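Everything on this sheet refers to the single structure shown next.
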Amino acid sequence: SIVNGSEAGTATASRPAGSTLLFAGLYWGGRPPIDPAADAQVTVRIGSRPPATVAADRFDTELFGFGAVADVTDLFDGTGPWVDLMVGDGGTGTWSLVTAWSSPLEPLRDLRVVDGLVDVTDARPATARVSGLSTPRRGPVNTTVGVVSHDEPAEATAEIESGP
């Protein structure tokens with residue numbers, strides 16, 4: 001799932017009942033970077049826990065603005081099915097939290113989180129290739145693609161290619 005924050009900095013994240021968190025990635029960005037050292041970290045408060053400083057695992061200022069991403073999976077240990085989330089500092093104009101869950105109520109799926117920080121325009125689209133997925137020999141392959149963007153609404157399409 002994807003939870004989008006804003007300059008207000010708050011949102012509510014949820015998880016399926018009985019599920020296990022596999023991944024939580026925090027993405028933030030803005031235009032232009034005012035102080036790259038400061039913009040590369042944010043303050044995160046999950047529920048009623050004390051605020052934590054999160055440093056970017058990847059930070060890019062070669063973009064039209066800047067983009068950052070951090071794995072925050074550990075911050076969500078022990079949280080309930082609904083949790084309030086606040087993200088601030090770091091020049092954050094917008095931020096998004098991407099989560100992946102394993103649920104005993106859902107069938108097994110092959111899941112990939114592919115991320116990167118790139119400038120994309122109508123004239124210069126981006127492509128992400130994913131290989132090695134486990135797919136059924138027969139029947140349709142249903143895909144879901146989500147895109148995190150800053151400043152502009154994003155759209156994504158998926159093309160499935162089968163190989164030998």
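In the full protein assembly as shown, how much of Phe59 is accessible to a 1.4 Å probe, in Å² to the nearest 10?
So the heavy atoms of Phe59 present about 70 Å² to solvent.
Per-residue counts of other Cβ atoms within 10 Å, averaged by peptide: what ranking do you get for 98-106, 40-48, 119-127, highest first?
In decreasing order of mean packing, 98-106, 40-48, 119-127 become 40-48, 98-106, 119-127.
Ordered by residue, what ³J(HN,Hα) values in Hz, to whole numbers, does the range 46-54 give under the Karplus form 6.51 cos²θ - 1.76 cosθ + 1.60, where θ = phi - 60° and Gly and Pro are x?
10, x, 9, 5, x, x, 10, 8, 10
Amide H of Trp101 versus every other amide H placed in the peptide plane: which residues, excluding those fewer than 5 positions away on the same chain, fall under 5 Å?
For Trp101, the qualifying residues are Leu22.
If I stretch the segment between Thr10 and Val113 completely, what's the gain in nm (0.36 nm per residue apart, minus their alpha carbon distance), one decimal?
34.7 nm
The values are calculated or read from the model by the stated rules, or taken from the named source; none is laboratory data. Keep in mind that what you see is a predicted model, and the values were worked out from it rather than measured. Here Cβ is always computed from backbone atoms with ideal geometry, including for glycine, and neighbour counts include all displayed protein chains. In case anyone asks, the SASA skips ligands and DNA or RNA and just uses the protein heavy atoms, side chains included. Shrake-Rupley method; radii C 1.70, N 1.55, O 1.52, S 1.80 Å.
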